[in-house]
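K.L.:
Here it is: the structure, laid out below.
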Amino acid sequence: MKEVDIVVIGAGPVGLFTVFEAGLLGLNCVLIDNLDKPGGQCAELYPEKPIYDIPGVPFQTAQQHVNALLEQIKPFDYELLLNQRVNEIKVINSENDINTWEVTTSDNNVFNTKNVFVAAGAGSFEARRPPNIDNPDQFLGSGVSYAVRSKDLYKNKDLIIFGGGDSALDWSVELAGIAKSISLVHRRDEFRGAPHTEKLMRDLVADNKLKLLTPYVIDSIIGDDSVSGVNLKNFDTNEIKTFNADELLFLFGLNKKLGPILEWNIDLDGKKIDVDTSTYSTNLDGVFAVGDINNYVGKLDLILCGFHETTIAVQEAYRRINPGKRVPFAYTTSNTKLQAKLGVNS
Ligand SMILES: Cc1cc2nc3c(=O)[nH]c(=O)nc-3n(C[C@H](O)[C@H](O)[C@H](O)COP(=O)(O)OP(=O)(O)OC[C@H]3O[C@@H](n4cnc5c(N)ncnc54)[C@H](O)[C@@H]3O)c2cc1C
């Protein structure tokens, strides 16, 4: 269990910028995201798309924007936890009428904090499960995965990758030199990924370094405690074939789900969280909602609106940690601590 000034749920652009604003006031943060990388929608949905409406930045791709935010928060005190979802928040005490929250992730990391920032966008990105398979998650950690957490997992293993998009192609190429054997399964012999990566994949097939299984879909997983193989169904003929495998990697894309947020007794308007725009607080003392997840009159789902919201919310977070103290205000040009961290001489 760790104590932290602000727990930020979601490492999208607004979550990342929260670290900057908190850092200016000397507050530390932990950022938690279900994805395997920071950047939220920018990194996951449109990394190559240009963004033209970040003030003072005429042009940036979405991934360049995320990289710049990561660079900007480097001087500050924060921890980034990926591949895990915040499942539960609960009040553990209310000393002087200020709630302290306990925040628990799907990997059982637990944090105590006076300030929970829900920067969850449209909800957590969750991997799509293979269709028609009953409870594939029973093999999580014993042969089934939905993202690559460590390439070492596939060393000397018989690996089957499923999918027809960029992730399936990228990881087929990347893991071909690592796994003992590797097969790529897709329901047709056409892919939606980058043509260059598709060519690399097909070169590996020609060199017998990768087996391409089309037109196949998964029929069932074979195994008791861990995966030992799969039955694949030919999409055209319905014929079933059995293949041995130690690891199955399903890369069928992502869904967005509010998931656990629905269970936290936060006032919602549809799929958005209602906030008081003087502080971006929710109905729960010490819980804020910033970025695309919140709702108020005039709300726009834009990055710059989220930046404004979290800047205001962080002021209130400071007041909750330092009751009665004036929130220090200074332009960054006169913030000598920041300049020292950046190595800038003022
Ligand atoms: C195609 C497209 C183009 C766009 N173009 C622009 C543009 O040009 N300019 C602009 O300003 N905006 C644009 N937007 C909107 C912009 O992307 C959003 O406003 C911005 O991403 C919101 O940031 P956020 O940090 O609030 O949320 P998000 O970017 O959605 O990030 C939220 C993160 O929270 C995580 N999360 C949610 N719940 C949990 C949980 N329980 N546990 C752990 N993690 C969780 C999610 O996995 C996600 O990574 C565009 C959006 C799209 C889809």
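K.L.:
Would you mention how many residues in the stretch 296-329 are more than 16 Å from the ligand (Cβ to nearest atom), in a loop (DSSP other than H, G, I, E, B) and small (G, A, S)?
P.N.:
Going through the stretch 296-329, the residues more than 16 Å from the ligand (Cβ to nearest atom) turn out to be 297, 315-329.
So of that shortlist, the ones also in a loop (DSSP other than H, G, I, E, B) come out as 297, 322-329.
Filter again for small (G, A, S), leaving 324.
The total comes to 1.
K.L.:
State yes or no: is N96 more than 29 Å from G343 (Cα to Cα) and assigned to a helix (DSSP H, G or I)?
P.N.:
Taking the combined requirement at face value, the residue satisfies it.
K.L.:
Considering D267, D285, D276, which residue is in contact with a helix residue (DSSP H, G or I) (Cβ under 8 Å, 6 or more places away or on another chain), surrounded by fewer than 15 Cβ atoms within 10 Å (Cβ to Cβ) and modelled with pLDDT of 95 or more?
P.N.:
After ruling out the rest, the residue left standing is D285.
K.L.:
Here are the criteria: (1) of a type in the set (A, V, I, L, M); (2) closer than 27 Å to K180 by Cβ; (3) not in a strand (DSSP E or B). Tell me which single one L262 does not satisfy.
P.N.:
All conditions are met except number (2).
K.L.:
Here are the criteria: (1) at pLDDT 95 or above; (2) within 14 Å of the ligand (Cβ to nearest atom); (3) surrounded by 15 or more Cβ atoms within 10 Å (Cβ to Cβ); (4) among the hydrophobic types (A, V, I, L, M, F, W, C). Tell me which single one I261 does not satisfy.
P.N.:
Condition not satisfied by I261: (1).
K.L.:
Specify which of the listed residues (V7, V30, V14, V66) is more than 9 Å from the ligand (Cβ to nearest atom), assigned to a helix (DSSP H, G or I) and either surrounded by 17 or more Cβ atoms within 10 Å (Cβ to Cβ) or not assigned by TED's automatic domain parsing to the domain that holds N335 (or both).
P.N.:
Values: V7 fails: assigned to a helix (DSSP H, G or I); V30 fails: assigned to a helix (DSSP H, G or I); V14 fails: more than 9 Å from the ligand (Cβ to nearest atom).
The unique qualifying residue is V66.
K.L.:
OK, next. Quick one: how many residues across the stretch 235-258 are surrounded by fewer than 21 Cβ atoms within 10 Å (Cβ to Cβ), closer than 12 Å to G143 by Cα and touching a Phe, Trp or Tyr at 6+ places or on another chain (Cβ under 6 Å)?
P.N.:
Of the residues in the stretch 235-258, 0 are surrounded by fewer than 21 Cβ atoms within 10 Å (Cβ to Cβ), closer than 12 Å to G143 by Cα and touching a Phe, Trp or Tyr at 6+ places or on another chain (Cβ under 6 Å).
The values are calculated or read from the model by the stated rules, or taken from the named source; none is laboratory data. Predicted model, so just to flag it, every value in this text is computed and none were measured. Ideal geometry is used to build each Cβ from the backbone, glycine not excepted, and the neighbour counts take in all protein chains shown.
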